[in-house]
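What follows is one structure encoded as structure tokens, with my remarks underneath.
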Amino acid sequence: MEFVHKSLISCFLLLSLFTLSVLSHLFSPIDNYLVDCGSTVETTIDNRRFVGDLSSYNTPLSSSARSISFRNENPVPGLPPIYHTARIFTGPTKYVFDIRDKGTQMVRLHFYRFNSPKFQLSDAEFNVLVNEYVVLSNFSRLSTDNPRIVEYLIRVDTEKLVIWFVPNKNSKFAFVNAIEVISAPKDLVPDTAQYVSSQNVEKFDVLSKQALEIVFRVNVGGPKVTPFNDSLWRTWIPDDEFFKSNAGSERLYFGGRIKYQVGGASREVGPDNVYNSARLIRSNNDSIPNVNMTWVFPIIGGYKYLVRMHFCDIASISLGLLYFNVYVNGNLAYKNLDLTYITGSLASPFYADFVVDGDMTGILSVDIGPSKSSIPYVVDGILNGIEVMKLNNSYNSLDGEISADMVLKCSSKGNTGVLFTYVAAVCILLSISMIIRRRMMGTRDSVWSRLPVNASDDNIKMGNIQSASKINYQQV
Ligand SMILES: *[C@@H]1O[C@H](CO)[C@@H](O)[C@H](O)[C@H]1NC(C)=O
Ligand SMILES: *[C@@H]1O[C@H](CO)[C@@H](O)[C@H](O)[C@H]1NC(C)=O
Ligand SMILES: *[C@@H]1O[C@H](CO)[C@@H](O)[C@H](O)[C@H]1NC(C)=O
Ligand SMILES: *[C@@H]1O[C@H](CO)[C@@H](O)[C@H](O)[C@H]1NC(C)=O
Ligand SMILES: *[C@@H]1O[C@H](CO)[C@@H](O)[C@H](O)[C@H]1NC(C)=O
């Protein structure tokens, strides 16, 4: 009886601890725009309110002149409602967001190519700009299977964040289903990282000034983490498709509490669900396994990449037993990593940022392996999460050697610009011909000068009828 009582109390304590830790860590961003494009109503997903871009007077959509709201009449069952509508752009169109919290902004764009007899979203090919950065160029070939979500971390030092959708010259339109613009916590993108090359490891101190595209976000050894379970509404996918070794490694799930500490990784950097699972190398006898755990990511060469690795010692039986090496692209990035020395505690999260040059072979690799200080009979390597982010190139682009200016210039040359010059030229020609004609006709009444007279006669008649009917109305 007493035992039951005690376990009930501890159950309650655990529960209240849990709610406490959840509540005290709810992140509330200063700027938080959730837009359901092409919609007039609000949509709630995971307790987040997406507002239709036609539903209020202060919509971020700058002008709806070159765009069409589009609704999918036969959505796939179970598909979140933000993907039931889209906004289609027939010419360059922008959304403008007022930014109160300057600094890094998280920008997520949602694309879902639904089929419709009216519109072939598959024909869309377009460019997307965020402020001075090209984030997508010649974007097309979207699959109909799943929504495609792209995510960027963009530093904004002005009061506006502007997102342009620019159809390509040969394409008829661009589209988007939903937009998120959220101010990132200040510790999400630090100023510095370590630049790792085959020569050495050196300081990379302009990290926060780069635009970043999240290419992979992986929960090592654990299940998919959905926006519902992430403090910044991110998605972390399982690592199985990237994990390339191996003999002698194992998965681990930890049911205890993750101890976030000031100065370490915060819950916004990585949620509990990422730190409570891992893969690890364990020594079962008096020798240290001569193996690596290896992850391989397909990337596009010609860009720099930020590799963020998440560590949390949820496996060791006591402090001071875990030592290992970290390699990126085959180069030693962190020698003899000692999580006890850094965090002073078990189950306390830590992350390390490395910048590397994207290899032209299209492969980015991460290895974790025992070091010279590794100890037998204990855990000799661990990893909980990996994020791979692309840095903008010197064109300020994350997608090709093209600048935002070039995208806008090309598009105006392509369609509206040409139309404008054409109309302007016709107008000038017309007025010149008018002047010439008047001069040639001399004092004689021209067709042009007679027309207004007739018109004003008509106006007078119309006016009489109108005032007559007014009087009638008043009499009634
Ligand atoms: C959130 O995480 C918990 C366990 O950590 C899991 O049971 C639950 O299914 C997750 N919810 C969603 C919506 O992913
Ligand atoms: C230690 O265990 C590993 C496998 O876990 C095995 O391959 C190795 O031969 C063992 N070493 C000794 C000295 O028994
Ligand atoms: C582990 O990976 C590093 C970097 O690729 C390599 O130098 C080392 O030889 C590897 N160790 C083993 C045992 O494969
Ligand atoms: C990315 O853009 C920033 C800001 O324009 C620039 O300073 C930086 O050099 C660019 N990054 C690269 C790798 O060219
Ligand atoms: C986009 O496609 C056009 C041709 O349609 C091509 O000229 C241009 O170079 C492409 N842009 C990029 C960045 O690849």
Cross-link reach from residue 409 to lysines, straight Cα distance under 24 Å and at least 8 residues apart if same chain, gives 94, 160, 169, 172
Along segment 310-326, what does the Karplus equation 6.51 cos²θ - 1.76 cosθ + 1.60 (θ = phi - 60°) give for ³J(HN,Hα), rounded to whole Hz, x for Gly and Pro? 9, 10, 7, 7, 9, 10, 6, 7, 7, 5, x, 10, 9, 9, 7, 9, 10
Listing 405, 157 by rising number of other beta-carbon atoms within 10 angstrom, fewest first, gives 157, 405
If you project the alpha carbons of segment 25-96 onto the principal axes, what extent comes out on each, in Å, largest first? 43, 32, 18
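Please work out the FRET efficiency for the pair residue 296 and residue 253, using the Cβ-Cβ distance as r and a Förster radius of 35 Å; give the result to the nearest 0.05.
0.90
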Stretchable slack from residue 191 to residue 96, in nm (0.36 nm times residue separation minus alpha-carbon distance): 31.5 nm
In a shell of Cβ-Cβ distance under 12 Å around residue 344, excluding residue 344 itself, what net charge do Lys and Arg (+1) and Asp and Glu (-1) give? -1
The rounded separation in angstrom of the Cα centers of segment 351-410 and segment 236-298 is 17 Å
Plugging the Cβ-Cβ distance of residue 71 and residue 345 into 1/(1 + (r/R0)^6) at R0 = 60 Å yields, to the nearest 0.05, a FRET efficiency of 0.70
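Quick check: residue separation of residue 363 and residue 143 times 0.36 nm, minus the Cα distance between them. What number comes out in nm?
My answer for the length gained is 76.8 nm.
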If the cut-off is a Cα-Cα distance under 14 Å, which aspartates and glutamates reach residue 259, setting aside same-chain residues fewer than 8 apart in sequence? 268, 272, 313
Enumerate the amide H contacts of residue 156 below 5 Å, restricted to partners 5 or more residues apart or on another chain; note that Pro and chain-start residues carry no placed amide H. 103, 104, 105
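Identify the trypsin sites (Lys or Arg not before Pro) of segment 305-408 meeting these criteria: DSSP loop state and at most 14 other C-beta atoms within 10 Å of the C-beta.
372
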Per-pair calculated FRET efficiency, R0 = 22 Å: residue 401 and residue 201 via Cβ, rounded to 0.05: 0.15
Cβ under 15 Å from residue 93's Cβ, residue 93 left aside: what net charge do those residues give with Lys, Arg +1 and Asp, Glu -1? +3
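What does the charge count near residue 40 come to, summing +1 for each Lys or Arg and -1 for each Asp or Glu among other residues with Cβ under 12 Å from its Cβ?
Here the count lands on -1.
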Let's test this: bin the Cα-Cα distances of segment 193-391 at 5 Å from zero up to the farthest pair and state each bin's percent. 1, 8, 16, 21, 21, 18, 10, 4, 1, 0
Of 327, 377, how do they rank once you tally other Cβ atoms within 10 Å and put the fewest first? 377, 327
Once fully extended, how much extra length lies between residue 373 and residue 319, figured as 0.36 nm per residue of separation less the alpha-carbon to alpha-carbon distance? 18.0 nm
What would the Debye equation give as log₁₀ I(q)/I(0) for segment 182-263 at q = 0.14, 0.17 Å⁻¹, counting only Cα atoms as equal point scatterers? -0.80, -1.11
Diffing segment 164-181: the Karplus 3J(HN,Hα) column from phi (6.51, -1.76, 1.60, θ = phi - 60°), in whole Hz with x for Gly and Pro, holds 9, 10, 10, x, 5, 3, 8, 8, 7, 6, 10, 7, 7, 9, 7, 10, 10, 10
Rounded to two decimals, what is the ratio between the C-alpha radius of gyration of segment 32-184 and 2.2 N^0.38 Å? 0.97
From the Cα trace of segment 286-367, what convex hull volume per residue do you get, rounded to a whole Å³? 98 Å³
Return the Cα extents of segment 99-202 along principal axes one, two and three, sorted largest first, each rounded to a whole Å. 54, 40, 26
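Any read-out appearing in this document is the output of simple, stated calculations on the displayed coordinates, not a laboratory observation. What you are looking at is a predicted structure, and each value in this text was computed from that prediction instead of being measured. When we count neighbours, we look across all protein chains shown, and the Cβ atoms used for this are built from the backbone with ideal geometry, even at glycine.
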